Amino acid sequence: MAGIDYTTDSLIDSIKRRITLPDAQNLYEPEDLIAFMGDEMSSTIEPLIHSVQQDYWVNRVDVPLVIGQTNYTLPIRGVANGLRLLTLVDPGGNEIEFPLLRPENTASTYNWLSPYSTSTLYGFYMEDDHIVVFPQQVVNNPVMSVRFRFERMPSQLCATSEAAQITAIAGNIVTVNNIPTDWTTSLTYDLINGQPAFQSKGDSLVVTLLNTGTFQITFTALPANAVVGDWIAVAGTSPIPQIPYQLFPFLAQAVACKCLEGLADTQVLQTSQQKLAMMKEDILKLLQPRDMGNVQTVINRGGLFDSGQFWGWSGGVYW
């Protein structure tokens, strides 16, 4: 497609320019550079963006409460298997605060917060890959859903040859520029926005037909916001780094430093690492605050007299 190339192809070219890596060398193949990008995304880029706490990547998923079921699995694509916020949603679509509890609070009839019994508490606590709703009464006659807000981790990077870009759309059928030979209908696929901010428009979509002759893919349900230029990739992968575009040079520089380590070019490596450190400082200034005209104040939530800690107190809710 015409326009800016946001894909791993462009980043590979950027890495080579930074270290004058010749095409004739055989130490680093394109797939090696893409693997380096993935490593740096996980070890450097994701922690950096997460650290500024500006709600990049935040997604929401609503899960209906089930009678008698107190355990609910955390979204599997959440960064570090974590949450941004968890609330309850009533039948009218209104969100209700659902506070995080310490397991110690639920362990006995009385708790350190007050002489009130633990039955006056409501909320949830975390156990490994799931949350536990407390108390049991919340799910005895459930009429609500749990809303998970979480940072959806960027997908693992892949080559453009392992993905497909949409060139035409007709209902649930899309025409693409490529269908990789190992794609099958037994796999699920992600639909990635071809323009910033490169977010996923649909995760783990089901495909019913892959027509390699006409380069057409039929989906069970194609997201309504799909447009020509979007990318399709096997679930959990993407040919575009799902990060702010201004971080692309930083990612390329980080990978360039890794390559120089392998090339044992100590002098150039030192200069490149200094450049990377300077770029990091500038990136942090760019990432926060996202709304420069509305800087938020810090609020101490979850304290003893904060809403939601006790049924009937302040914003607490009783079922």
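The values are calculated or read from the model by the stated rules, or taken from the named source; none is laboratory data. Computed from a predicted structure; not experimentally measured. Cβ placement follows ideal geometry from the backbone for every residue including glycine, while neighbour counts extend to all protein chains displayed.
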For this session: Just one of (1) surrounded by fewer than 15 Cβ atoms within 10 Å (Cβ to Cβ); (2) without any contact (Cβ under 8 Å) to a residue 60 or more places away in the chain; (3) not in a loop (DSSP other than H, G, I, E, B) trips up Ile12, so point out which.
Result: (1)
Problem set entry | Hits in segment 24-50 - residues which are assigned to a helix (DSSP H, G or I) and out of contact with any helix residue (DSSP H, G or I) (no Cβ under 8 Å at 6 or more places or on another chain) | Glu31, Asp32, Ala35, Gly38, Ser42, Ser43, Pro47
For this session: Tell me which residues, restricted to segment 123-150, are surrounded by fewer than 17 Cβ atoms within 10 Å (Cβ to Cβ) and part of a helix (DSSP H, G or I).
Result: Gln136, Gln137
Exercise. Just to be sure, is Phe219 touching a strand residue (DSSP E or B) at 6+ places or on another chain (Cβ under 6 Å), in contact (Cβ under 8 Å) with a residue 24 or more places away in the chain and surrounded by 15 or more Cβ atoms within 10 Å (Cβ to Cβ)?
Worked result: yes
Seminar exercise, completed: Taking segment 239-266 and keeping only residues that are assigned to a loop (DSSP other than H, G, I, E, B) and either surrounded by fewer than 15 Cβ atoms within 10 Å (Cβ to Cβ) or at pLDDT below 95 (or both), one is left with Ala264, Asp265
For this session: May I ask you to verify whether Gly236 is in the same structural domain as Gln195 (by TED's automatic domain parsing), more than 28 Å from the chain's Cα centre (by Cα) and either crowded, with 17+ Cβ neighbours inside 10 Å or within 30 Å of Thr188 (Cα to Cα) (or both)?
Result: no
Problem set entry | Considering residues of segment 46-99 that are under 18 Å from Ile243 (Cα atoms) and of a type in the set (Gly, Ala, Ser) only, the residue surrounded by the most Cβ atoms within 10 Å (Cβ to Cβ) | Gly78
Exercise. If you go through segment 220-229 one residue at a time, how many are in contact with a Ser or Thr (Cβ under 7 Å, 6 or more places away or on another chain) and more than 15 Å from Thr167 (Cβ to Cβ)?
Worked result: 1
